[in-house]
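The values are calculated or read from the model by the stated rules, or taken from the named source; none is laboratory data. In this text the structure is predicted, and so the values were computed from the model without any measurement. FYI the Cβ positions are ideal-geometry reconstructions off the backbone, even for glycines, and counts take in every protein chain you see. Just the protein is used for accessible areas: all its heavy atoms, side chains included, with ligands, DNA and RNA removed. Shrake-Rupley method; radii C 1.70, N 1.55, O 1.52, S 1.80 Å.
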Amino acid sequence: MAITVYFVRHGETYFNRFARLQGWSDTPLTEKGKMNAKKIGQVLADLRIDYLFSSDLKRAVDTARLLIADHPTATMKEPIQKEFFREVFYGSFEGHSNEEGAIWASYLEGKRFRRIGELVDEFGVEKAHDLLKAADPAHLAEDSNELNTRVEQAIAFLQSLPDGSNVVVVAHGSIIQYIAGMYGESGYKYENLHNGALMKVQLTARDVEITGYNQFKL
């Protein structure tokens, strides 16, 4: 037996639309974002959901509420909010363009990338976020030490749930990608999830297995 966890990226927000780093900042779901949430709710309609968790950021909470609202069997209507499912914190890059953070961070390694995803592809999730912290003028962006601790706490919490549970966690693109980078197939380049897409994870007391990534189906 195992615990099955479906990580869902929240629906599109205005900062997503404008290609800005959002992190711990919050902007509302767009109309498209609300549709993202309702569509993934339809995908999950046949799933027995034992637990519904979300980040404590509003865009994740709102997505969780929308996806569970019309579920035919789930008894919960509100997610349980957990801070360790929050998005990566980008420090003083928050609200700025994705391009700005990528350029300054890649410059430290003598390169010029224009997207955070390119940093991750080139250096992996841990070094990419170490570079972002080093490039942040305030040095407040989360680095790999901080993120590893937070992700390990989140996974340990999920592993403590009853065996056989089906769990839905509404979180964020970069933190889900980070989890995949930590526990997924070595050398595989996990792209940032689309809004409303799934990462499926099988958990046992000793193992974390990524069994589906960036999907719109169970």
* Asked: Taking K and R as +1 and D and E as -1, what net charge do the other residues with C-beta under 13 Å from the C-beta of residue 198 add up to?
  -> +4
* Round to the nearest 10 and give me the degree value, 0 to 90, for the angle of helix 173-183's Cα axis relative to the longest principal axis of the chain. => 90
* Just how much of residue 217 is accessible, in Å², when a 1.4 Å probe is used and the result is rounded to the nearest 10? -> 130
* Positive end of the charge dipole of segment 36-131 (Lys, Arg +1 and Asp, Glu -1 on Cβ, about the Cα centre): tell me which of 90, 72, 52 has its Cα farthest that way. => 72
* Express in nm, to one decimal, how much length is gained between residue 78 and residue 139 on full extension, taking 0.36 nm for each residue of separation and deducting their alpha carbon distance. => 18.5 nm
* What accessible area per residue, rounded to a whole number of Å², is obtained for segment 50-192 using a probe radius of 1.4 Å? -> 45
* Structure fact -> Between residue 122 and residue 46, the two model label points (7 Å from Cα along the beta-carbon direction) sit apart by a distance in nm of 4.4
* Asked: Around residue 216, what is the net charge, scoring Lys/Arg as +1 and Asp/Glu as -1 over all other residues with Cβ under 12 Å from its Cβ?
  -> +4
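Within a Cβ distance under 12 Å of residue 4, other residues only, what is the Lys/Arg minus Asp/Glu net charge?
Every neighbour counted, the sum reads -1.
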* **Nearest-20 debye value, segment 115-218 charge dipole, Cβ charges on Lys, Arg, Asp, Glu** => 320
* To do: Note down the magnitude of the dipole of the chain about its Cα centre, charges +1 on Lys and Arg C-beta and -1 on Asp and Glu C-beta and zero elsewhere, to the nearest 20 debye.
  => 680
* To do: Please report, in debye to the nearest 20, how large the charge dipole of segment 116-174 is about its Cα centre when each Lys and Arg carries +1 at its beta carbon and each Asp and Glu carries -1 there.
  => 200
* Structure fact -> From the Cα centre of segment 1-52 to that of segment 106-135, the distance in Å is 26
* Structure fact -> Helix 116-135 sits off the longest principal axis of the Cα atoms of the chain, rounded to the nearest 10 on a 0 to 90 degree scale, by 70
* Asked: So which lysines pass the test for residue 127, namely a Cα distance under 22 Å, with those fewer than 8 places away in the same chain ruled out?
  -> 111, 189
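Cα gyration tensor of segment 14-57, axes a ≥ b ≥ c as square roots of the eigenvalues: rounded (a/c below 1.5), prolate (a/b > b/c) or oblate? Write out the running numbers ahead of the final one.
Values: a/c = 3.66, a/b = 1.69, b/c = 2.17.
Oblate shape, in that a/c is at least 1.5 and b/c is the bigger or equal ratio.
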